[in-house]
Every structure is written in C-alpha cells, then in structure tokens.
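Read the structure below first, then the notes.
The values are calculated or read from the model by the stated rules, or taken from the named source; none is laboratory data. Predicted model, so just to flag it, every value in this text is computed and none were measured. When we count neighbours, we look across all protein chains shown, and the Cβ atoms used for this are built from the backbone with ideal geometry, even at glycine. The accessibility values were calculated without ligands, DNA or RNA, using every heavy atom of the protein model including side chains. Shrake-Rupley method; radii C 1.70, N 1.55, O 1.52, S 1.80 Å.
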Amino acid sequence: MTAWMPWKIARKELKVIGRKRSIIFYTVGLPLLVAVSFLLVLKGQLANGIPDTISLGAESIIYIFVVLATVLPSTIAAYSIVGEKVEKTLEPLLATPTTDGEILLGKGIAAFIPPVLSAWAGASIFMGLADYLLLNAGLGYYYFPNWNAGVMLLLLAPLAAILSIEVAVIASSRVTDVRGANQIAGLMFIPFVVVFFAGAEGIFAFSIDNLLIFSGVVVIADVILFFLSKATFNREEILTKWK
Amino acid sequence: MIETENLTRKFGDLTAVDNLTLRVDKGQVFGFLGPNGAGKTTTVRMLCCLIGKTSGSAKIGEYEVGNQENALKIRKMIGLVPDNVGLYESLTAFENLDYYGKLYRRTDTQRKESNEYFLKLLGLWEKRDALAGSFSKGMKQKLAIARALVHDPEILFMDEPTANLDPESSKTVREFILELKKQKKTIFLNTHNLDEAQRICDKIGILNTRLMAVGTPEELERSIHGRKTVIQLTQLKDSILDSLKRLQVKNLVSEGNKLTVDVVNPEEENPDMVNAIVAAGGRIETITVTSSSLEDAYLKLVKENAQ
C-alpha cells in the first residue's frame, strides 16, 4: 500500500461529496444547529441569572457532538460505497492497480474528515460562544475549557466516527441502496445515545476516567470491526456476493 | 499475450466457466461470443484478476493469474471497459479520466496529455468540463473506453461495448476499436453482436460455459456448413434429380423448382452439376453459391450445446 494512493481516492470522494448539497447541508448543518440551539438555551438561562440550572450539563452538551460523530460519517461512507455500487463504478475502480486496503482507507478518510471536523467546529463554536456569554455575565470560564470536553472531542469522537464508518462498510455489502446502508449503520449511534441518557440521568458520569474506559471499549470495537470490514471489502466478495 | 488452460470457475454447484483453453496473440482482436450467462463476463473478471479461479491456469503476458503479487502487475497492463460504463456522473469528463490516471500512477504531464488526446480523439474535448451524468449513452461509452486507455494498456478487455447504443454510436465505437487494432493493441471483446465480431475480430471463440469453437470468422463459417449451390430451374423433373443423385452430390434438397446442394469446391462441382442438369433436359434460370454465416455457426453450436 502506498501512502498517497488512499489520499488520491479520498480527494476524489471529497470532490464528489462536495457536490451533493444534501450531504453538505446535513454534515455541516447538524452540528451547527446543535451548537446554536444550546447557545440560545444558555443565553435564555443567563438572562434569568441562573446559569448552573441549565437543563443539561456542559459535558452532556459536548457529548452530543460525539453522538453526531457517530451519525454523520455513516451517511458519507454509505454513499461512498453503496453509491459506487448503485452507479456501477466499483468494477472499473477494482480493475485498477490499487489494493482493496487503499480503496477502503481512501473511502474511510473521506467519510472521516468532514464529519469529525464538522463536529469539532460545532463544539468549538458552542464552547467559544458559551465562554463569551459566561464571561460577559461575570462568571469567568465557567464551563470551558475542560479536560473532559478535550477527551470527548479529541479521543472519543474520532473513535466513534471510525466505528460508524466500519459499520457502514459492512452494511454496504448487504443492501442495495444508500438509505438502507445508512439506516443500518445509524444503529451504531444507539449505544452512544444510551450513554448520553445515562449521563443526563446521573447514572454515568462524564469523568475523565469513565471517558477513557469508554474510549477503550470503542477502540476494541474499532479493531474487531476493522477486520470484519476488511474481510467484507475485497474484490471477490464485492463482485460475487454483494447484493 | 493471453493464455488459458482448463480455466474453470464455479459458484457453489454452478459452473460458470468450464475448462476454458484459449490463446490470444499480441495485437489480435479476440471476439468472445456466447449467450447471456455463458461465462463471458466471469472469464474477463478472472483474467482481470477481479475474481479468483476454481481450477486451471491463465497467463496475461508473462504473469500467472491467481497470484496476488501478479494481480497488481496484470492490472497495470490491462484496461477494462465493463458492461456498465460506471462513470462518476457528478465528475466532469476530464475529472473522470484524470482520477483514473492518478490511480494508474501517471504523472501530471502524462495525465494531461493522455486526457487531451483521448477526449479529442473521441470528440469529447469540447465537453471536457461537462458532468459525465449529462452525457448521452454513446458519449458515456466513449468516455469509458478513454478511461480504460489512459494508462496506455497493452491489453484492453471490453464487455459488450456497443450494447444498448444507437447505430451511430455503435459505429463510432466500432471504428475506434478498429483504430486501436491498427495500433496493435490486444483486444478481448465480449459481444452478442455477430456482425460486429465478424467485422472487427481476427479470431472468435464461442462460449457456452465451455468453449465450443474457436477460429477466424471464416474458419467458423466453413466449419459448420461449408458452402451451398442453389440452382433455380424453369421446371424440375425427376430425370434431373436422378442424374444429380448419380453424381453423388451431398444433401440434395428440392423445393419447388429450386435445388440446394452442399458443395466443398463449387468451382469444380458446379460445372458437373450444370452438365448433368442440361443433359437431363433441364433449363437453368440462375445458379448461385452461398456460404453459411457466422450467425448460422453460432446458432448451431449454441443449439447443439443446449441439447
């Protein structure tokens, strides 16, 4: 495998994705919407002078961006793989002197970068403006920065995104349309949502220790699904067994 | 250039390709004829190292098919035009070619030159910045062929390149294949179109899971029926039939006042038949020699195989 070949593939994928308005709107719009919504909630509560009674804790809000990092990549990954299957572009691609690993990695990079950057951007906007509002209210750096948010965004979100992509690859071999693959891969967000509600209900604390343990579990799942997705994405399987 | 020996591919209990042995020489255009499900696409996929073989062997150039190390080398040597054009419809014609150029590890200069060369050659240069999705079927097919050639492959595999095209587009594609033939490219052409195969191919194989016949179009035509002499008489009499039977002609068939006889060498056999007919009091209106067509050969072989 050459280092630059997956990048060449990823650049093409990003170019194609860049021309799909619905995907861009969804990928960029959703984190932005979450950021703006919670900022409005915070602003409203600051107006009442009770910032600490905001209905969700700061970590829970940042965790929502982790959940988004599991939801957003599956759309791009599903489009990138099932889209090729639907448009019958896989066979000529597979006939080129690229390895299965290079193609898979290229598609993975394209499905990883925009959602993770978008989740980071949404979270950064939220954290920056939340600090601005809280500073203006004389509360100093009340919520951010904090290490928990750092672990969630810099460790857990990318790991969750990888998991989502791997599930999308596996799902892509079993369905014949992008929506189907996206729906199956979207199931990956359920465990993350369960953790969110556990956190909101106080059953799970978003402490650094807990977040690192959770990240470790996700790493193990990532490794297992990496081998499964690699076994799924090979020329023979794609051309003879994929639906 | 392409050699297979007892090449076989099974999918579970189904044998898609059975003991295929053939040879295609460098610069040859090889036509692979066969009905749907005959194993043509499976053969191409095996030769392009896209799927594995169950048994037998195949070589592309000096590389053995089925060896993982050789697969990348073989894919560099070949170009594939699949039965579905498989273009990125949201990329422009130029971007489609450029992407494949990158996948074949061509330099920026090489890509620029080859993209321009093929787009101009196929009359798509003016449309280079148009999205492939906006192209007609014929234009898409031409672009798919250009895509398969961006790395200047030694061998081009084409799977039904004129299927679903209008006559004008088919003609353009055929003419382009003939142009490639002049450039001494080795072409492996899967087709249903017998007329196309006859016009373009140096050698033809007829496949129906097993290879039923292989040879030049002329050899295949002759191997099936040979040639026939058709004699139209003003009136057919029993004495004429008797005299022809005495000449021991082959497969004499009478229909109205028309006689049809199988001949091997009509230049020698026809004068004897004419003399016999005239001697028996017959009057000949016309006499013609017909050859069986490739279509006759194909249909007979496929029918025999089905039985």
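Observations on the structure shown:
- Taken per residue, the accessible surface of region A:70-115 reaches 19 Å², heavy atoms only and a 1.4 Å probe.
- Angle between chain B longest axis and helix B:137-149 axis [Cα atoms, degrees, rounded to 10]: 70 degrees
- Two-site label geometry, residue B:267 and residue A:200: point separation in nm, points 7 Å out along Cα→Cβ: 9.5 nm
- At a probe radius of 1.4 angstrom, the accessible area of region A:184-232 per residue rounds to 58 square angstrom.
- Share of carbon and sulfur in the accessible heavy-atom surface of region A:24-172 [1.4 Å probe, %]: 74 percent
- Sites residue A:193 and residue A:87, calculated FRET efficiency, Cβ-Cβ separation with R0 22 Å, nearest 0.05: 0.10
- Among the listed pairs B:76/B:112; B:185/B:300; A:20/B:140, those whose Cα-Cα separation exceeds 24 Å are B:185/B:300.
- Pair residue A:132, residue B:55: separation of 7 Å Cα→Cβ label points (nm): 7.4 nm
- For chain B, built as a Gaussian network whose Cα springs stay under 10 Å, the top-fluctuating residue of B:290, B:42, B:209: B:290
- Bridge orientation summary for the protein assembly as shown: considering DSSP beta bridges with both residues in this region, about 65 percent are antiparallel.
- Residues considered: A:68, A:154, A:40. Largest GNM mean-square fluctuation over chain A, using C-alpha springs under 10 Å, is found at A:40.
- On Cα atoms only, tilt of A:189-200 relative to the major axis of chain A in degrees: 10 degrees
- Dipole orientation for chain B: of the candidates B:198, B:7, B:178, B:7 has the Cα lying most toward the positive pole (charges on Cβ; Lys, Arg +1; Asp, Glu -1).
- Relative contact order (%) - criterion: Cα under 8 Å, at least six apart; region: chain B: 20 percent
- For region B:139-291, a crude dipole built from +1 on the beta carbon of Lys and Arg and -1 on the beta carbon of Asp and Glu, taken about the Cα centre, is about 180 debye to the nearest 20.
- Taking region B:170-307 and dividing mean pair separation by its residue count, relative contact order in percent (alpha carbons under 8 Å, at least six apart): 28 percent
- Computed about the Cα centre, the dipole magnitude for the protein assembly as shown is approximately 460 debye when only Lys and Arg (+1) and Asp and Glu (-1) carry charge, each at its Cβ.
- For chain A, the longest principal axis of the C-alpha atoms and the axis of helix A:157-172 are separated by about 30°.
- Take the accessible area of chain B alone and of chain A alone, subtract that of the pair, and you get about 2700 Å² summed over both chains, using a 1.4 Å probe.
- When +1 charges are put on Lys and Arg Cβ atoms and -1 charges on Asp and Glu Cβ atoms, the dipole computed for region B:69-180 relative to its Cα centre reaches about 240 debye.
- Considering only beta bridges that DSSP places wholly inside region B:132-273, some 75 percent are antiparallel.
- Label-point separation in nm, residue B:192 to residue B:289, each point 7 Å along Cα→Cβ: 3.6 nm
- Share antiparallel - DSSP beta bridges, chain B, percent rounded to 5: 65 percent
- Taking the chain by itself as reference, region B:8-47 contains these residues with an accessible-area loss of 10 Å² or more in the full protein complex (1.4 Å probe, heavy atoms): B:9, B:11, B:45.
- Farthest toward positive dipole pole in region B:198-282 [+1 Lys/Arg, -1 Asp/Glu at C-beta], among B:207, B:277, B:236: B:207
- Within region B:127-214, the trypsin sites (Lys or Arg not before Pro) that combine a DSSP coil assignment with at most 14 other C-beta atoms in a 10 angstrom radius are B:184.
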